[in-house]
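Only one structure is covered here, and it is reproduced in the block below.
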Amino acid sequence: VFAILICIGLLLALALREPPPPARPRPSSHAQIKPSSGTRPPLAQTTSSQISGPCWVIDGDTITIKGKNIRLFGIDAPEMDHPYGKNAKWQLCELTKGEIVTAYFQDAQSYDREVATCFLSDGRDLSAEMVKAGFAIDWPKFSGGKYRHLETPDARKRMWRADARQRGKLPQKAKPLD
């Protein structure tokens, strides 16, 4: 009888307890990165052309928000199996950890991904932050050179495969067969 009363008491305590407070985001080791000078899209955009929420990082230029694969607009980060590819992914993880990301979709697709300009809750452009940190390079064919001035001096040397692909010296990824 005593054991039954203890079990009932524990069940009641569990049922009546308050949920734990939400976890606070850990301060980023990259807090010295200043917001980009890029302009944020107007707030009047419809919700069908944007999506917000926490994201999963796939690689240095691809995230997933609410099950939608999103390619960061205007930049090229190394592939996971290229030099600096894993570093680029972890940089993007660090930038987005504990953040709500808002993606404003472009009228383009890249393989199975929608292309979007993505912003952190404090207004920083994720593409600009990746380029400034030296883990991605501007892709002028798509960005019009928007992020070129943010590139670190050695970025194109370190990410020579991405640079060569942009100049047509390496083949693009093969498109999946339907």
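Once all protein chains are placed together, His149 keeps about 130 Å² accessible to a 1.4 angstrom probe. Note that the stretch 91-131 shows a convex hull volume over its alpha carbon atoms of 84 Å³ per residue.
For the listed residue pairs Lys66/Lys169; Lys68/Lys132; Lys86/Lys146, the alpha carbons are over 30 angstrom apart in Lys66/Lys169. The HN-Hα couplings worked out from phi for the stretch 130-138 by the Karplus form 6.51 cos²θ - 1.76 cosθ + 1.60 (θ = phi - 60°) are 5, 5, 4, 6, x, 10, 7, 10, 5 Hz, whole numbers, x standing for Gly and Pro. Shape summary of the stretch 122-161, radius of gyration then Dmax from alpha carbon positions: 9.9, 32 Å.
Rounded to the nearest 0.05, the FRET efficiency derived from the C-beta distance between Ser49 and Trp160 at R0 = 35 Å is 0.50.
Full extension of the chain between Ala3 and Lys68 yields a length gain of 18.4 nm, computed as 0.36 nm times the residue separation minus the alpha carbon distance.
The values are calculated or read from the model by the stated rules, or taken from the named source; none is laboratory data. Source: prediction; values computed, not measured. Cβ coordinates were reconstructed from backbone atoms using ideal geometry, including for glycine residues, and neighbour counts include every protein chain displayed. The area values use the complete protein model at the heavy-atom level, side chains included, leaving out ligands, DNA and RNA. Shrake-Rupley method; radii C 1.70, N 1.55, O 1.52, S 1.80 Å.
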